[in-house]
Structure formats: C-alpha cells, structure tokens
Amino acid sequence: MAQRLALPASLDVVIVGAGFGGMYQLHRLRGLGLSARIIEAGTGVGGTWYWNRYPGARCDVESMQYSFSFDEALQQQWRWTERFAPQAEILAYANHVADRFDLRRDIAFETRVTSAVWDAGRAVWTVRTDRGDVIEARFCVMATGCLSAARMPDIPGRDSFQGATYHTGHWPHRKVDFSGQRVAVIGTGSSAIQSIPVIAADAAEVIVFQRTPNFSVPAHNRPIDPEYERHWKDDYATKRAEARRMRTGILYELNDQSALVQEAAERRATYERRWQTGSTQFMAAFNDLILHPAANETAAEFVRDKIRGIVKDPKTAEALAPKDHPIGTKRICVDTGYYETFNRDNVRLVNLKETPLDRITATGVVAGGVEYPVDAIVFATGFDAFTGSLLKPDILGRGAITLREKWASGPVTQLGVGVSDFPNMLIVVGPGSPSLLSNVMVSTEEQIDWLADLISYMEGNKLVEFEAEPQAEQRWVAHVNERAKETLYLSADSYYNGAEIPGKPRVFMPYTGGVRGYRRILHQCAQDGYSGFTLRDAAAASGGANRKPEVSAA
Ligand code: NAP
C-alpha cells in the first residue's frame, strides 16, 4: 500500500466515499477547477463493490448498462465479459476508472470521517478524520452509498460462537474456503440468494435460516455475446438516452398493458417469456404490477408456481414461496440456481417463522429449541439502508444541531440532495431520490451532474452558501410519500421504509416517481434559480441568523 495521501488544511470540497459517486464527483469538480479530495475508509476504490466480495456477488443490472456513460472513449474501450458482471470485474472497472482519470492522487484511503461541523460565520465545514486530519472545506459531499453500513443482527450468544463468522457486506479480501465445512447462512435477501448456491457447491453442509422468503427470478447469466456488445456500442449514446427515459433507468422492453387485460393462459405465456429472458425486466411484463394488487398477484403466483415446480420437497418449496408481500415491493432478487440449490442433499432450509431463531452457541445455531452444529456462520443480514452511513459521523449543522437529531423521525431532504440547517452539504443518491429503485449508475451520474452545475452556478454568481428551505423540504417529503402511496411499496416491510432495523423510523425513503420524473424536477429546480434552496452571497452568509437571502425562489 502506498503512503496515505496527506490532506490539506483547506479545500473547496471534501467528498466522503470513493465509490462510483465519489469518483465521478471528484472528476466533475476538477473540471470546474475546484480543489477536492475524497476520504475513503477502504484501501481501494469501488464502494459497494469493494466491500461486498461474497461468493457469487454480481450485479443485477446488465453490464452494458451498469457503467458510466459520461466518457465515450471509456464506454467504448471497456469490455465486459458477462451479461451480469461479477463483483471482481466491477471492482476492476472501478479501478480502471480511478487510473484512467488519475483520481487516486486526490483520494485518502484507510481514513474515516469522524465529524463534520458547520461554521455559520465563515460558511465552511470543518471535517475531522480518525487519522487526526482537520480540513476546512466550503462544501461537503456525502457519497457514502445507500447500502454500506453492514448490519449484524442482535442474536443472543452471537459473540460466543467459536467458529468463523462472515458478513456478506464486509467479506474478507481473500478466498474463503468452505470445503468440508458445515455452514449456517442467516438471511435470504439478494446477498444470500446469490451466495448460497456458490457456498453449497463447496461446503459439506449448508443450513439456511430464513425469516422471510424473497421473490427471485433467474439471471440467465452468460458470456457477453459480441453481437450484443456491438449492438450497444454502435450507438451507445442513443441507448443511454433511452435508458434515462425509463422509470428505472434501465433499458428493457416494457409492455404497456395491464396484467388484467390478458386471459390467464396468455398472461402465463407472457410471464414465461420474461422468466426465460431473466433479470429484473420480469417486473416490466405489464404496466401495473407495482400499482394494482390483483395484477401483482398474477405475477407473484407465477413465481410461486415456479418455485413449487423447481424445489422437489413440497414443504421446503412452500416455505420458500413468499406470501407476505407483493412481488417487487422489496427489491426483486436475480439468481443463478438459487431454488435448485434446495434440491441438493447438503442443503436444508430452517423456516424461522415456524421455529424462531433462539440463540447462537459456541458450536452452532439454535432455532425452535434444536441446535444445528456448524463450523462457520455467514450473516447475510443486510444493511442499515439509506441513512446508516450518513448518520455514522457526527455531522453538526447550523446551531450545532446534529443530522441524527434532524432525522430523528426519518430523513428529510429537499429533492434528496440537500438538508435545511446543513448548508453546502450535498448528498449523492440518498433518501428522497430514486436511488435503490433505479439503476444506481444512472442516478449517480445525473445527480452529480446536477450538483456540479449547482456549484458552478454558485461560483459564477459569487454565491457561497446554498441551503434547503424547510418548507420546500417538507413539501418534498410529502410528495415522496404521496407518490409511494400510488404504488404497492407501502404494503411491504422493507429497507425502503426502515423496517430492516428495529426502532428505525418508518418512513418511505426512495423516490418512486422514476428516474425520468426526478430528472425533470431537478431540471426545473435549476431553471427556476434553484427553487426550494436559498443561495447566499458572502455578505448574507456571514450575516448570521438575521441574514437576508441573496436568492430565494421557493
Ligand atoms: P437484505 O435484502 O436486507 O436481506 C437481509 C436478510 O437478513 C433478510 O432475509 C432478513 O430477514 C435477514 N435477517 C436480518 N436480521 C435477521 C435476524 N435477526 N434473524 C434472521 N434473519 C435476519 O440484505 P441483502 O441481501 O444484503 O441485500 C440488500 C440489498 O443490496 C439488495 O436488496 C440489493 O439492493 C443490494 N444487493 C444487490 C445485489 C445485486 O444483485 N446486485 C446483490 C446483493 C445485494 P427479514 O426479511 O425477515 O428481515
């Protein structure tokens, strides 16, 4: 590891996190001639793809679309090898981007931001790190990711286990050899669904502890067909533009028809075609699957039937078939041989709904009074989503209010990018934006372009401070909720609404209005002189509580 980058005492911008968001933000800010550094806890770039190295980890968005579009030469030259890129290849891509744009010289690795304190009189953030750095910056960009605070469940006896333990979101940087081992996997979200088939191929025994089953559709992953690659690259810009017009930011065939207009047999054939194609485009089989309970149920029952058809033991099949939430209201999983894995002799399912998880002992996991002896435990128990990483450092805004206090009842943002009382703090793909309901690469690029334009506008107009207006923020939160109510999302307990953590405020966080709708709103906001934000010049900013806004167009 090269020597750690020394951080200067004063900067235009501190960026927290060297995932795709942080890297692109740095690139854009350099283009504006601003001084910026990224502070990153890991030893390398890649964010999610740096930490999530569990067996079987791969993207659920097709490789040709899960990549940057801002540089034509980059998108033409990079070669993906599989339809859905494995983690190692996405990490290699992140490293390629860092090298290609010479980003590392401005990244301090192995450094955590511990606090950021707003100095209202001077309009600067004072950012401190666990390495003792103290940096004053005009702007602080939180590019910390929605799924980066790995969550270990509070299971009694957890720390008494004598074998090896792993968390999928914090996997070791070496190959873990499970051969000959008895392995418990706790959790059945996307990470478990991807890793279980791979672990089962090596381990002597895999015991899956399932509290809630999830819907999963096949990936049908395969090597990239050169014809398909050419089809994309021949006209990449147009395809990217088409993708940006999709609700999810992913280009796929949409059927703009209700599921309820087709006869049962025809509808089944539609789902069958989608199932054979694979991937999340299954949810685009009809236009009302996420809007109408009866329409949704047709898709849910199709997948449940598939599970019953694949899994030979009827009791296991029934336990794996989700019945407690509409399909798609938790992020649908995309798998390679997940359900088939339960037909292996060395894999069994423990249904925690029937036999609750009691405790962990020195030698195993106890559920329903039965001890299952294991050598290793894999916690595939997810993250403190959306807010976990934003609330880790002590962030103190105007009047020393902390972000934790501000968001005690759930996150409030103006358009997902700014928070009142926290001037010049910018959030990338956070709560209140399409984020996890979209192709995060598309959302990241779009938001960062907007943030860069905002900073450029401020520079051009000699403005030093921007701040979300409280009323605008309340209106945006209400709008996010109104849009969510039009859908079925609220009928599921999910990390979209804080259900993943006991005691976390139950607020629906991502914006369901789609990538296209969100872009229009951001664009309009900018056109209106950044409506819903107050922009101040130096005199107004230093005027303290009685200052007059320089520009306010709410
Ligand atoms: P997750 O979807 O939040 O799943 C966590 C699992 O752990 C759930 O099954 C949960 O059960 C279980 N769990 C938590 N605490 C438990 C406890 N005390 N006892 C028993 N079970 C417990 O997390 P994830 O699988 O890491 O996926 C998170 C997100 O990351 C995905 O939705 C996706 O957005 C992203 N991801 C994407 C990919 C990809 O394909 N690109 C792969 C992996 C992850 P309950 O549901 O009952 O709480």
Item to check | Residue that is in contact (Cβ under 8 Å) with a residue 60 or more places away in the chain, of a type in the set (D, E, K, R) and at positive phi, where the choices are 72, 62, 110, 82 | outcome: 110
Item to check | Criterion violated by residue 323 - all others in (1) farther than 23 Å from residue 382 by Cα; (2) within 16 Å of the ligand (Cβ to nearest atom) satisfied | outcome: (1)
Next on the checklist: Being more than 14 Å from the ligand (Cβ to nearest atom) and within 20 Å of residue 158 (Cα to Cα) is the filter here; which residues of segment 332-355 pass it?
Outcome noted: none
Item to check | Candidates 455, 427, 448, filtered to the one that is out of contact with any Phe, Trp or Tyr (no Cβ under 9 Å at 6 or more places or on another chain) and either open to solvent by less than 10 Å² (accessible area, probe 1.4 Å) or small (Gly, Ala, Ser) (or both) | outcome: 427
Checklist outcome for this item: Being surrounded by fewer than 16 Cβ atoms within 10 Å (Cβ to Cβ) and closer than 30 Å to residue 217 by Cβ narrows 58, 79 down to just 79
Checklist outcome for this item: Selection from segment 299-341 of residues open to solvent by less than 20 Å² (accessible area, probe 1.4 Å) and assigned to a loop (DSSP other than H, G, I, E, B) yields 311, 321, 322, 325, 327, 328, 329, 332
Checklist entry - Does residue 177 qualify as being surrounded by fewer than 17 Cβ atoms within 10 Å (Cβ to Cβ), modelled with pLDDT of 95 or more, more than 25 Å from the chain's Cα centre (by Cα) and part of a helix (DSSP H, G or I)? => result no
Checklist entry - So, of the residues in segment 40-55 that are under 14 Å from residue 148 (Cα atoms) and away from the ligand (no atom under 16 Å from the Cβ), which turns out to be most open to solvent (accessible area, probe 1.4 Å)? => result 41
Next on the checklist: All but one of (1) of a type in the set (Asp, Glu); (2) within 12 Å of the ligand (Cβ to nearest atom); (3) within 30 Å of residue 58 (Cα to Cα) hold for residue 358; state the number of the condition that does not hold.
Outcome noted: (3)
Next on the checklist: Filter segment 392-402 down to the residues that are open to solvent by less than 40 Å² (accessible area, probe 1.4 Å) and in contact with a Pro (Cβ under 9 Å, 6 or more places away or on another chain) and list them by number.
Outcome noted: 397
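Residues checked against (1) among the hydroxyl-bearing types (Ser, Thr, Tyr); (2) over 28 Å from residue 281 (Cα atoms); (3) open to solvent by 70 Å² or more (accessible area, probe 1.4 Å):
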| position | (1), (2), (3) |
| --- | --- |
| 203 | no, yes, no |
| 207 | no, yes, no |
| 218 | no, no, no |
| 234 | no, no, yes |
Item to check | Of the criteria (1) free of Cβ contacts under 8 Å to residues at least 24 places away in the same chain; (2) closer than 18 Å to residue 536 by Cα, which one residue 403 fails | outcome: (2)
Item to check | Residue identified as within 16 Å of the ligand (Cβ to nearest atom), open to solvent by 60 Å² or more (accessible area, probe 1.4 Å) and of a type in the set (Ser, Thr, Tyr) among 188, 165, 144 | outcome: 165
Item to check | Odd one out for residue 417 among (1) open to solvent by 10 Å² or more (accessible area, probe 1.4 Å); (2) touching a residue at least 12 places away in the same chain (Cβ under 8 Å) | outcome: (1)
Checklist entry - Restricting attention to segment 236-275, which residues are open to solvent by 40 Å² or more (accessible area, probe 1.4 Å), over 25 Å from the mean Cα position of the chain (by Cα) and under 25 Å from residue 440 (Cα atoms)? => result 238, 256
Checklist outcome for this item: Within segment 522-550, the residues that are part of a helix (DSSP H, G or I) and either open to solvent by 50 Å² or more (accessible area, probe 1.4 Å) or at pLDDT 95 or above (or both) are 522, 523, 524, 525, 526, 527, 538, 539, 545, 546
Checklist entry - For segment 361-402, what are the residues that are of a type in the set (Phe, Trp, Tyr) and either more than 30 Å from residue 418 (Cα to Cα) or part of a loop (DSSP other than H, G, I, E, B) (or both)? => result 372, 379, 386
Item to check | Selection count where residues are under 24 Å from residue 54 (Cα atoms) and either in contact with a Pro (Cβ under 9 Å, 6 or more places away or on another chain) or surrounded by fewer than 21 Cβ atoms within 10 Å (Cβ to Cβ) (or both), scope segment 367-377 | outcome: 4
Next on the checklist: Against the condition among the hydrophobic types (A, V, I, L, M, F, W, C) and open to solvent by 40 Å² or more (accessible area, probe 1.4 Å), how does residue 294 come out, does it pass?
Outcome noted: yes
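The values are calculated or read from the model by the stated rules, or taken from the named source; none is laboratory data. Not measured: the values here are computed from a predicted model. So basically every Cβ, Gly included, is an ideal-geometry build from the backbone, and we count neighbours across all protein chains shown. Just the protein is used for accessible areas: all its heavy atoms, side chains included, with ligands, DNA and RNA removed. Shrake-Rupley method; radii C 1.70, N 1.55, O 1.52, S 1.80 Å.
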